[in-house]
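The values are calculated or read from the model by the stated rules, or taken from the named source; none is laboratory data. Note that this is a predicted model, so its numbers are computed, not measured. Using ideal geometry, Cβ is built from the backbone for each residue, glycine included, and neighbour counts are taken over all protein chains shown. In case anyone asks, the SASA skips ligands and DNA or RNA and just uses the protein heavy atoms, side chains included. Shrake-Rupley method; radii C 1.70, N 1.55, O 1.52, S 1.80 Å.
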Amino acid sequence: MPPAQGKYVRYLIIAVVGLTLFFLSRRSIPLPTSTPRPLSDGHLAHSPGQSQNEQSSNEVMRFAATHSGGRANATLVTLARNRDVWEISQAIRQVEDRFNRKFHYNWVFLNDQPFDDTFKRITSSLVSGTALYGEIPPEHWSYPDWIDQDRAREVREEMREKKIIYGHSESYRHMCRYESGFFFRHPLLQEYEYYWRVEPGIELFCDIPYDPFLFMKETNKKYSFVISMLEYPGTIETLWDGVKEFMDDHPEHIAEGNLMTFVSNDNGKTYNNCHFWSNFEIGSLDWLRSKEYMDYFETLDRQGGFFYERWGDAPIHSIAASLLLQKEQIHFWNEIAYYHMPFTHCPAEEQLRKELRCSCDPSGNFDWKPLSCLPRYYRANGIPLPSGVDGYSWLAIFGFVILGAILACLLAVAINPRARAQAFISVRHLYLQSQTFWERYQEEKREWERERLRMKR
Ligand SMILES: Nc1nc2c(ncn2[C@@H]2O[C@H](COP(=O)(O)OP(=O)(O)OP(=O)(O)O)[C@@H](O)[C@H]2O)c(=O)[nH]1
Ligand SMILES: *[C@@H]1O[C@H](CO)[C@@H](O)[C@H](O)[C@H]1NC(C)=O
Ligand SMILES: [Mg+2]
C-alpha cells in the first residue's frame with residue numbers, strides 16, 4: 001500500500017480515538033476516577049442513599065429526638081418585589097405549616113422599592129412570628145463608582161444575543177450583588193445571628209419538627225444547603241481569577257481543612273462550577289459579616305464581574321463557604337425536602353419520609369442527576385456514595401462494550417497491513433458512494449426548486 005494511503009487510515013484511527021477520549025472526558029460515560037453518575041432514568045426503587053443519607057439523617061433526627069423545643073437568635077428572610085406577593089404567600093404557607101407554626105420565628109422582607117399595602121397585609125397575615133419590612137438603601141442597590149456603566153450595558157446586550165439566562169437583566173445583577181454582599185448588613189438583619197432564606201414559589205414536602213437554627217448553633221455549622229449543582233460557565237468566566245487574587249492577598253483567611261475539593265478539581269487552579277443552590281440557605285449572619293467574608297466580597301466586587309459578567313450569589317456564597325470554613329461547618333440537609341423551579345430534593349429513605357410526613361416523589365430527586373454536585377460533595381467529605389448510585393447503568397455498560405469492540409477492530413486493522421489496505425479501499429468506496437449520493441440529492445433539490453417556481457408562476 002502506498003504511504004499516502006496508510007496515512008489516511010492513521011488519521012482515521014487518531015480521529016476516532018480522539019472522539020472517544022472526548023466523550024469519555026465529557027463523562028457521557030462514567031469513569032471510575034470521575035464522579036459516577038447514574039445514567040438510568042433516576043428510578044431509585046432499590047433505594048440508593050441508604051448508607052450515608054441514613055447517617056446524616058441520624059444526626060438531624062437524633063437532634064430532633066432530643067430537642068423538641070428550641071429557639072435561636074434567628075429569622076426567616078425574603079427579598080421580593082411587590083408583584084411577588086402571591087408566590088411568596090405560597091412559600092410562607094409551606095414554611096409555616098411544615099415548620100414555623102411551632103416556633104414563631106420572625107420574617108424579614110427586603111425590597112429595593114417600598115413594599116405596598118397589599119404585600120404587607122397579605123404576608124403579615126400568614127407569618128406566625130412578627131413580619132418586618134425593610135427598604136434597601138440605594139447605595140446597596142446601585143453601581144459602585146468603579147463600574148463603567150456603558151461597558152455594563154454592552155455586556156447585557158451581548159448576553160441577550162447569546163441567550164444567557166438573565167444575561168440581559170440589570171435588576172437581576174443588582175439582586176445577585178445584594179444577596180452576595182449586602183443583605184446581612186441590613187439594619188433589620190443586624191439583630192440576628194442566623195437566617196433562613198426563602199424565595200417566592202418554593203415548596204417544602206416534609207415536616208421540620210425540629211429547629212434547624214438551633215441545630216446549626218449546637219453543631220457549630222455556618223452554612224447549609226439542600227441542592228447543589230453546576231453553574232452556567234458563561235456567567236462567571238473570570239470569577240475564579242478574582243478568587244485566586246483573594247487567596248493570594250489573604251492566605252490567612254483560607255481555613256485549614258476546608259472544602260476546596262468541592263469547588264475545584266485541581267486543588268484551586270480552576271473552578272469546577274459546583275455551587276450550593278442559594279435560593280435555599282440556612283446560615284450564619286455573623287459569618288457573612290466577618291472580616292474574612294467581607295474581604296472576600298470586596299475583592300470580588302472590585303473586579304466588576306457582577307456587572308461585566310453575571311456572577312450569581314450562589315457561586316459567590318459557595319466558594320466562600322468552601323474556602324473560609326472548615327468542611328464540618330457546612331451542612332447538607334437530607335431531611336428537608338425542597339422544591340424551587342425546576343428541581344426537587346426528596347429523601348430516598350421511605351422510613352424517613354413516613355416519619356416526616358413527606359409528600360414528594362423520590363424518583364424526582366435531583367441528588368444523583370447529571371447536573372447535581374452532591375456526588376462531589378460526598379467525595380470531598382470522604383462519604384461513600386450510596387449503593388446504586390455508584391454502579392453503572394446498563395446503558396453505560398452497553399456503550400462501553402460497543403466502544404471497546406470498535407476500538408479492538410480499529411487496532412486489528414491498524415496492525416495488519418492487509419486489513420489496513422482492505423479497510424482503506426472500503427472507506428474510500430464508501431466515501432465515493434456518499435459523494436455520488438450527495439451530488440444526486442443536490443441535483444434533485446435544484447430540480448424540485450425549479451419545479452416549484454414554475455408552479456408558482
Ligand atoms: N426587591 C427585588 N427583589 C428581587 C428583584 N429581582 C429578584 N428579586 C428577588 O430575588 C430572589 C431571586 O430572584 P429570582 O427571580 O427568583 O431568581 P432565580 O431564583 O435565580 O430565578 P427563577 O426563580 O428561576 O426565576 C427572589 O426572592 C426575588 O423575589 C428585584 O429587582 N427587586
Ligand atoms: C442576636 O445576634 C445579634 C448578632 O450577632 C446580636 O447583636 C444580638 O445581641 C443577639 N441577640 C440576642 C438576644 O442574643
Ligand atoms: Mg427564584
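Just a few scattered comments:
- Answer residue from the range 316-344, given it is of a type in the set (A, V, I, L, M, F, W, C) and within 28 Å of Pro362 (Cα to Cα) and is surrounded by the fewest Cβ atoms within 10 Å (Cβ to Cβ) among those: Met341
- Unmet criterion (only one of (1) under 16 Å from the mean Cα position of the chain (by Cα); (2) open to solvent by 30 Å² or more (accessible area, probe 1.4 Å)) for Lys354: (1)
- Elements of type helices (runs of 4 or more DSSP H) contained in the range 181-266, each with 2 or more residues being over 30 Å from Gln94 (Cβ atoms): 239-249, 260-263
- Pairs with Cβ under 6 Å, 6+ apart, first in the range 361-377 and open to solvent by 30 Å² or more (accessible area, probe 1.4 Å), second part of a helix (DSSP H, G or I): Arg376/Phe262
- Here is the figure for the range 272-293: residues that are open to solvent by less than 30 Å² (accessible area, probe 1.4 Å) and under 20 Å from the mean Cα position of the chain (by Cα) total 10.
- Just one of the listed residues (Leu352, Leu300, Leu323) is more than 16 Å from ligand 1 (Cβ to nearest atom), over 15 Å from Val243 (Cα atoms), of a type in the set (A, V, I, L, M) and assigned to a helix (DSSP H, G or I), and it is Leu352.
- The sole residue among His275, His345 that is in contact with a Pro (Cβ under 6 Å, 6 or more places away or on another chain), within 28 Å of Lys217 (Cβ to Cβ) and within 16 Å of ligand 1 (Cβ to nearest atom) is His275.
- In summary, helices (runs of 4 or more DSSP H) completely within the range 76-164 and bearing 2 or more residues that are among the hydroxyl-bearing types (Ser, Thr, Tyr) occur at 117-126.
- Residue pairs meeting the criteria (Cβ under 6 Å; at least 6 apart or on separate chains; first under 21 Å from Phe215 (Cβ atoms), in the range 323-348; second among the β-branched types (Val, Ile, Thr)): Trp333/Val226; Glu335/Val60; Ile336/Val226; Tyr338/Val226; His345/Val226; His345/Ile227
- Of the candidates Gly268, Gly257, the single residue that is away from ligand 2 (no atom under 16 Å from the Cβ) and without any contact (Cβ under 8 Å) to a residue 40 or more places away in the chain is Gly268.
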